[in-house]
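Down below is the structure, laid out as C-alpha cells.
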Amino acid sequence: MDRFNVLYFDGQTSLPKEAVVSLELRHLTIVYLQDDEEKRVVWELDQIQPIEISGNLHILRYGDFPLQQIDCKDHHFYKALADRYPGAAFLKISFADRVKGWNVVAITLGFIAIMASVYFLVLPPVAELLAGQIPQTMEVQLGNSLYEGFVSEYEKNEKLTKLTNSFSREIDFNTSYPIDVTVVKSPQVNAFALPGGKVVIYDGLLKKMRSAEELAALLSHEVGHIEHRHSLKSISRSLSGYIFVSLILNDINGLSAVLVDNANTLNNLSYSRSLEADADARAVETLDRNNLDQKGLVGLFEILNKEAGEDTDYLKFLSTHPLTKERMQKAREAAAKQGPFKKNPRMEELFREISENGKAK
C-alpha cells in the first residue's frame, strides 16, 4: 500500500492539515490529527475530479461544493496512482492542462534563451561601444589602475625602462595619449598596450630586436592599439557583464576594481585580425611620418615568424598578436612603396645602449 505526505483541505476551513494519503484497493484514505485525535477520511474513486499537475505539485479534489482537496509535491505520486488505479477517470489529464504544462516549459526555455542571447550576444558589443565613448581622462585613470595591478606581479627593469622611454620620445606618434613604456624582467617574448597610454614590454622581446627601426615598429604598433582603444574594448568584451553595469552607473571606482582584479589577463588579450591590421596601418603611418625605414615592421614580423618554430617563448606574442601571411604581405608592400628615409642618430645611439643593457646579465 503506497503512502504519501500531503496537505489536506477539508472544505470547511481555509487552513490545510498535514496528512498522509494511502492508496487502497478501491478508495483513498486520508489520515490526519486534529486536537490530538486521529481523523480518517475516505475518498471514493468515482467522485475524485480530474487531477491537476503543475511541476511536481499534484492536486486532487473530491466531492461536491465545498470541495475537499489534497496537494502532493512528491513527483512519484502520479505514477503511483496510475499503477494502483490503471485507467481511472480522474487520472486523465486534459488537453488544456497539457498545453499549460507545455507553455510553462516553453516560457522557461524561451526566457533562458533570451537571457543567454543578451549575455553572450548583446552585452559584449554594447559594453565595447560604451567603452569607446568614455572620456580619455577616465580611460587614462583606468589604465593607471590596471598598470599598478599588473606590474606588481613583475620586477621592473629600471635601466631598460628609462632607455626605452627615451627612445620612444624620439618618435612622433601623433597621439594625445601620454605614452609611457615599462620594461619588465621576463624571458617571455611579449608586449602589450594598456588603455590610456601605457605600454609594457618584456625584456625577453627587447633582446631579440636587431635594429632601431624594429623597436620603433613595435612601439608604433602598440601605440596603434592605444589610439584605437583596442585593449579597452577587448577587456570590455571579456568582462562585459561587470563593465556594462559600471559604465551605465558611471561607477568609475567599481569599474576600476573589476579591471584591477583581472589585470593578470592583460598579457593574454588576443586581438582579431582586423584590429591587428588597424594597428599595423597605424605603425606604417608612424614610421613614414618619422622618415624611418618601414622595413622595421617587416623585420619585426620576420623575427617573430622565423623564431616561433624554434623558441616557444615567441608563441606567447603570436597568440596575442596573431601574425598572418596577409599582414606580412601588406608590410612588405608598404615598405616597397616608401619614399626616402633616413637614420635617426639619437635613436641609433639609444638602441645600442638598449641592446647592450638587454644582453648584459
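The values are calculated or read from the model by the stated rules, or taken from the named source; none is laboratory data. These numbers were taken from a predicted model, which means no experiment stands behind them. Using ideal geometry, Cβ is built from the backbone for each residue, glycine included, and neighbour counts are taken over all protein chains shown. Only protein heavy atoms, including side chains, enter the accessible area calculation; ligands, DNA and RNA are left aside. Shrake-Rupley method; radii C 1.70, N 1.55, O 1.52, S 1.80 Å.
Residue by residue, the range 276-290 carries 3J(HN,Hα) couplings of 5, 5, 4, 5, 4, 4, 5, 5, 4, 4, 5, 4, 5, 4, 9 Hz when phi is fed to the Karplus relation 6.51 cos²θ - 1.76 cosθ + 1.60 (θ = phi - 60°); x denotes Gly or Pro. Pairs spanning more than 27 Å between alpha-carbon atoms, out of LYS208/LYS343; LYS207/LYS295; LYS156/LYS343; LYS208/LYS295; LYS208/LYS325: LYS156/LYS343. Counting only residues at least eight positions apart within a chain, or on another chain, the aspartates and glutamates with an alpha carbon under 14 Å from that of LYS73 are GLU18, GLU52. The mean sequence separation of alpha-carbon pairs under 8 Å and at least six residues apart, normalised by the residue count of the range 167-214, gives a relative contact order of 32 percent.
Assuming 0.36 nm per residue, please report the length gained on full extension of the stretch GLU326 to LYS162 beyond their Cα-Cα distance.
Length gained between GLU326 and LYS162: 55.6 nm.
The figure for LYS162 is an accessible area of roughly 150 square angstrom, using a 1.4 Å probe on the protein chains alone.
Using a 10 Å cut-off on Cβ atoms, rank the peptides 136-149, 204-217, 18-31 from the highest mean neighbour count down. Write out the running numbers ahead of the final one.
Details: 136-149: 18.3, 204-217: 22.1, 18-31: 15.6.
Ranked by mean Cβ neighbours within 10 Å, highest first: 204-217, 136-149, 18-31.
Extension gain for the segment SER152 to ASP36, taken as residue separation times 0.36 nm less the Cα-Cα distance, is 34.7 nm to one decimal. Computed from phi, the 3J(HN,Hα) profile of the range 221-232 under the Karplus parametrisation 6.51, -1.76, 1.60 (θ = phi - 60°) reads 5, 5, 5, x, 4, 5, 4, 8, 6, 5, 5, 5 Hz, with x in place of Gly and Pro.
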